[in-house]
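The values are calculated or read from the model by the stated rules, or taken from the named source; none is laboratory data. These numbers come from a predicted model, not from an experiment. In this analysis, Cβ positions are derived from the backbone assuming ideal geometry, glycine residues included, and neighbour counts consider all displayed protein chains. Heads up: the accessible areas ignore ligands, DNA and RNA and are worked out on the full protein's heavy atoms, side chains in. Shrake-Rupley method; radii C 1.70, N 1.55, O 1.52, S 1.80 Å.
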Amino acid sequence: MKRMISVVAMTFAALANAYAAGYPEKPITAIVPFPPGGSTDTIARAIAPKITQKLGQPFVVENKPGATGAIGASAVKNARPDGYTILVASIGVYAVNPVLQKKITYDPSKDFDLLTVAVRAPNVLVTSSSMSANTVQELIAQLKKNPDKVTFASSGSGSSDHLTAALFWQKTGTHGLHVPYKGGAPAITDLLGGHADASFQNINAVINHIKSGKLKALAITGEKRSPLLPQVPTLTEAGIKDVDVYSWQAVAAPKGLPNDVKTKLHGAIVEALNSDDVKPRLTEQGFEVVGNSPEEFAKFQAQELARWKQVIEVGKIEAD
């Protein structure tokens with residue numbers, strides 16, 4: 001019996017290796033669980049041509065939005081773990097939805113083979129040009145003088161910009177009035193129009209508005225200053241500790257991916273991210289290429305999940 005089991009196991013291993021050796025033999029679909037044009041969509045489409053070139057098959061980006069990324073993530077969870085369907089998603093899908101959504105239909109820690117964190121980018125604390133505060137400390141003084149009066153726009157409840165604001169309030173003993181929008185674009189539009197006071201936005205989404213003077217940048221949420229905004233201090237430099245926050249995009253596949261396929265996919269993705277024409281383009285937009293290992297991604301995802309779980313619970317944050 002033991003010999004038979006061993007033979008069967010060896011047979012399956014041989015078949016898996018043979019399968020992996022021929023992979024890919026058809027197009028690979030990358031599901032982006034958000035509408036076209038956002039940061040996650042940008043990353044997927046930036047690496048698509050290079051992966052197509054590397055693997056010799058089309059790398060097709062398919063947008064499947066809904067439920068803050070949960071619909072697309074569930075679709076990937078239920079796909080065959082053969083390397084032909086992968087997920088390109090953001091921090092919310094991997095580290096926020098599992099805490100915020102009560103009836104979530106996937107578990108990022110159990111249902112996916114995590115491949116790599118592709119990129120990360122700090123958020124920027126911006127205010128409308130009409131706001132009198134010109135520094136973080138001046139904004140904190142306004143928040144303390146007028147609790148729940150200073151409006152903070154976000155792209156939605158539980159978004160990176162919302163949770164960064166919640167963490168900021170918790171660390172400074174203040175509170176603003178959260179105003180969720182259906183996406184980052186309308187939130188930024190109201191900031192520009194002076195209908196919202198402040199926001200923690202992805203640097204790539206507001207960099208042009210900051211440089212034109214239409215928005216004021218008070219601080220960066222990264223560990224160090226951004227080369228795109230060298231004059232803007234970090235929150236730590238402004239006296240606010242433990243609010244180092246990055247928005248990030250990462251790649252995963254359905255659980256059970258053959259090891260050789262996993263290795264080939266991971267290698268193609270990381271090579272694409274670091275290619276001579278993709279990396280500089282992403283850097284210019286404010287992204288920092290990460291391209292870490294599956295093991296590093298798994299450790300990071302667990303840390304992020306625990307961090308945002310605490311922020312959500314302390315802030316009593318609920319989904320829209």
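General observations
- Counted residues, region 34-72 - those being within 14 Å of the chain's Cα centre (by Cα), under 17 Å from residue 248 (Cβ atoms) and of a type in the set (Gly, Ala, Ser): 4
- Scanning region 276-308 for residues that are in contact (Cβ under 8 Å) with a residue 40 or more places away in the chain and aliphatic (A, V, I, L, M) yields 278, 282, 289, 290, 298, 302, 305.
- Failed condition for residue 151, given (1) crowded, with 19+ Cβ neighbours inside 10 Å; (2) at pLDDT 95 or above: (1)
- Of all residue pairs spaced 6 or more apart or on separate chains, those with beta-carbon atoms under 7 Å, a first member in region 262-275 that is farther than 19 Å from residue 21 by Cβ and among the hydrophobic types (A, V, I, L, M, F, W, C) and a second member that is open to solvent by 30 Å² or more (accessible area, probe 1.4 Å) and in a helix (DSSP H, G or I) are 272/50; 272/54; 273/279.
- Scope region 63-81; condition open to solvent by 10 Å² or more (accessible area, probe 1.4 Å), assigned to a helix (DSSP H, G or I) and under 17 Å from residue 257 (Cβ atoms); matching residues: 75, 77
- Any chance residue 116 is in a strand (DSSP E or B), of a type in the set (S, T, N, Q), more than 21 Å from residue 187 (Cβ to Cβ) and open to solvent by less than 10 Å² (accessible area, probe 1.4 Å): yes
- Qualifying residue in region 202-225 (condition: farther than 30 Å from residue 282 by Cα, free of Cβ contacts under 8 Å to residues at least 60 places away in the same chain and open to solvent by 20 Å² or more (accessible area, probe 1.4 Å)): no
- Taking the criterion of being part of a loop (DSSP other than H, G, I, E, B) and within 28 Å of residue 286 (Cα to Cα), the residues of region 239-264 that qualify are 239, 240, 241, 242, 243, 244, 245.
- Within region 167-182, the set of residues being without any contact (Cβ under 8 Å) to a residue 60 or more places away in the chain and open to solvent by less than 50 Å² (accessible area, probe 1.4 Å) comprises 174, 176, 178, 179, 181.
- Candidates 231, 285, 249 - the one that is closer than 29 Å to residue 200 by Cα and open to solvent by 70 Å² or more (accessible area, probe 1.4 Å): 231
- Residue in region 159-182 that is in a helix (DSSP H, G or I) and of a type in the set (Phe, Trp, Tyr) present: yes
Here is a yes/no grid of residues against (1) modelled with pLDDT of 90 or more; (2) open to solvent by 50 Å² or more (accessible area, probe 1.4 Å); (3) in contact with a His (Cβ under 8 Å, 6 or more places away or on another chain); (4) part of a strand (DSSP E or B):
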| position | (1), (2), (3), (4) |
| --- | --- |
| 21 | no, yes, no, no |
| 26 | yes, yes, no, no |
| 50 | yes, yes, no, no |
| 54 | yes, yes, no, no |
| 61 | yes, no, no, yes |
| 83 | yes, no, no, no |
| 99 | yes, no, no, no |
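- Near pairs, Cβ below 7 angstrom, 6+ apart or cross-chain, from region 126-142 (closer than 15 Å to residue 192 by Cα and assigned to a loop (DSSP other than H, G, I, E, B)) to any residue that is open to solvent by 10 Å² or more (accessible area, probe 1.4 Å) and not β-branched (Val, Ile, Thr): 129/213; 129/214; 129/216; 130/194; 131/197; 131/216
- Matching residues, region 252-262, being within 13 Å of residue 112 (Cα to Cα), out of contact with any Lys or Arg (no Cβ under 8 Å at 6 or more places or on another chain) and either aliphatic (A, V, I, L, M) or open to solvent by less than 10 Å² (accessible area, probe 1.4 Å) (or both): 252, 257
- Some residue of region 158-166 being touching a residue at least 40 places away in the same chain (Cβ under 8 Å), of a type in the set (A, V, I, L, M, F, W, C) and either touching a strand residue (DSSP E or B) at 6+ places or on another chain (Cβ under 7 Å) or on the phi < 0 side of the Ramachandran plot (or both): yes
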